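The values are calculated or read from the model by the stated rules, or taken from the named source; none is laboratory data. In this text the structure is predicted, and so the values were computed from the model without any measurement. Cβ placement follows ideal geometry from the backbone for every residue including glycine, while neighbour counts extend to all protein chains displayed.
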Amino acid sequence: MYKFVIKNMDLYYGDFHALKNINLNIEENKITALIGPSGCGKSTLLKSLNRMNDLVEGCKITGDILLDNENIYRSDFDVNVLRKRVGMVFQKPNPFPMSIYDNIAYGPRTHGIKNKSKLDEIVEKSLRGAAIWDEVKTDLKKNALKISGGQQQRICIARALAVEPEVLLMDEPTSALDPISTSKIEDLIQELKKNYTIVIVTHNMQQATRISDKTAFFLSGEIVEFDDTEKLFTLPKNKRTEDYITGRFG
């Protein structure tokens with residue numbers, strides 16, 4: 001079952017053709033990794049999946065991006081609903097400068113949930129979902145900027161989970177973290193795919209092989225190859241994929 005279907009998509013920033021004829025099917029409850037050298041279009045595609053690129057001046061998209069068979073670029077598609085369904089976790093942990101509790105309750109509150117016991121329940125459930133409840137349950141009033149980077153990133157994941165999305169987009173979620181925090185987040189991502197569809201941009205090819213089911217290799221705004229992760233890394237069909245994963249360039 002496909003969660004996202006991308007058809008003949010092109011993306012331009014002004015005159016710059018950033019993504020070229022992208023066709024990609026993203027399976028439900030699977031982890032799809034996007035790999036490739038810097039500036040090849042991975043993050044640009046990721047941001048297109050919840051229309052974050054709408055915020056970039058001069059950005060123009062042609063083709064179709066379907067979420068559950070609905071075109072998200074239709075003029076009457078509600079972007080706020082889209083961003084509730086498709087959550088985002090960024091490269092650098094970016095908790096709000098407020099308590100851990102208020103970070104998690106922020107999204108539900110903006111969607112109209114004011115009941116304290118309901119918010120308490122969402123906060124606990126989201127922190128448990130992000131595998132950090134036991135570490136912070138006695139510190140919920142603490143400023144989220146006062147905890148470690150690895151914990152901050154899990155708070156950001158919990159914040160994304162709090163509005164009950166269907167898809168989680170992750171833009172290099174561990175690149176700013178130490179190996180132990182990275183390992184915790186990778187374990188968490190694999191646990192989360194039971195309930196969410198996950199698309200992750202990673203520079204770390206070992207990470208892609210460890211956690212993803214499918215991998216797309218990007219080069220200069222194009223998808224060179226897309227396959228089951230194990231196949232793509234052990235028997236790449238394209239010479240450019242092979243050169244990249246064996247370290248000949250990039």
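Structure summary
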| read-out | value |
| --- | --- |
| Subset of the range 159-194 that is polar (S, T, N, Q) and under 20 Å from residue 41 (Cα atoms) - its residue that is surrounded by the fewest Cβ atoms within 10 Å (Cβ to Cβ) | 175 |
| Test: residue in the range 12-24 that is under 17 Å from the mean Cα position of the chain (by Cα) and either modelled with pLDDT of 95 or more or surrounded by 13 or more Cβ atoms within 10 Å (Cβ to Cβ) (or both) | yes |
| Where a residue in the range 136-163 is free of Cβ contacts under 8 Å to residues at least 40 places away in the same chain and of a type outside the set (Lys, Arg) and its partner, wherever it lies, is surrounded by 23 or more Cβ atoms within 10 Å (Cβ to Cβ) and assigned to a helix (DSSP H, G or I), with Cβ under 6 Å and at least six apart | 136/100 |
| Of all residues making up the range 79-111, the number that are modelled with pLDDT under 95 and either under 17 Å from residue 7 (Cβ atoms) or more than 19 Å from the chain's Cα centre (by Cα) (or both) | 2 |
| Residue within the range 59-69 that is among the hydrophobic types (A, V, I, L, M, F, W, C), touching a helix residue (DSSP H, G or I) at 6+ places or on another chain (Cβ under 8 Å), within 19 Å of residue 223 (Cα to Cα) and surrounded by 14 or more Cβ atoms within 10 Å (Cβ to Cβ) present | yes |
| Which numbered condition residue 179 fails, given (1) under 26 Å from residue 205 (Cα atoms); (2) in contact with a helix residue (DSSP H, G or I) (Cβ under 8 Å, 6 or more places away or on another chain) | (2) |
| Flag for residue 80 being of a type outside the set (Ser, Thr, Tyr) and without any contact (Cβ under 8 Å) to a residue 12 or more places away in the chain | yes |
| Positions within the range 99-135 being of a type in the set (A, V, I, L, M) and in contact (Cβ under 8 Å) with a residue 40 or more places away in the chain, in sequence order | 100, 104, 105, 122, 130, 131 |
| Conditions (1) among the β-branched types (Val, Ile, Thr); (2) within 21 Å of residue 27 (Cα to Cα); (3) crowded, with 21+ Cβ neighbours inside 10 Å; number of the one not met by residue 209 | (3) |
| Residues (among the hydrophobic types (A, V, I, L, M, F, W, C), surrounded by fewer than 17 Cβ atoms within 10 Å (Cβ to Cβ) and in contact with a strand residue (DSSP E or B) (Cβ under 8 Å, 6 or more places away or on another chain)) located in the range 46-58 | 56 |
| Exclusive hit being within 25 Å of residue 166 (Cα to Cα), in a helix (DSSP H, G or I) and either more than 15 Å from the chain's Cα centre (by Cα) or of a type in the set (A, V, I, L, M, F, W, C) (or both), set 180, 200, 189 | 189 |
